[in-house]
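These notes concern the structure reproduced below.
The values are calculated or read from the model by the stated rules, or taken from the named source; none is laboratory data. None of the values given here were measured: they were computed from a predicted structure. In this analysis, Cβ positions are derived from the backbone assuming ideal geometry, glycine residues included, and neighbour counts consider all displayed protein chains.
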Amino acid sequence: MNQARPTPVKSVVLVIDDDPAVRNSLKFALEIEGFSVRVYRTAAELLEDRELPQSGCLVVDYNLPGMNGLDLLARLHERNIRLPAFLITTHPTTMIRDRAASARVPH
């Protein structure tokens, strides 16, 4: 008896960046690699999404309007959303590096 194989679920990548060129470039590159991608312009826009995936990862710009990327990750953690995250920034100061390193949470 032939059993239908389940359709593989694409990994979801959530991209949060206020720069449309960066956001669209990441979306394009990740989709070519087979990922499902959702894009958000601001931290608030992501936090308003009531259907965030339980698996996948985040690509978060540090310099977001209204809330920086590390504060966004802390807010998600408070909501029990614990996805791996890549923090991106054009100016990685020592303070940002130190804060990002101390924010690491084992899964």
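Key figures
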{"quantity": "Within the stretch 23-107, helices (runs of 4 or more DSSP H) holding 2 or more residues that are crowded, with 17+ Cβ neighbours inside 10 Å and under 13 Å from the mean Cα position of the chain (by Cα)", "calculated": "43-48, 69-78"}
{"quantity": "Members of the stretch 31-75 found to be without any contact (Cβ under 8 Å) to a residue 24 or more places away in the chain, of a type in the set (A, V, I, L, M, F, W, C) and touching a strand residue (DSSP E or B) at 6+ places or on another chain (Cβ under 9 Å), listed by number", "calculated": "none"}
{"quantity": "Within the stretch 11-22, tally of residues that are at pLDDT 95 or above and not in a strand (DSSP E or B)", "calculated": "6"}
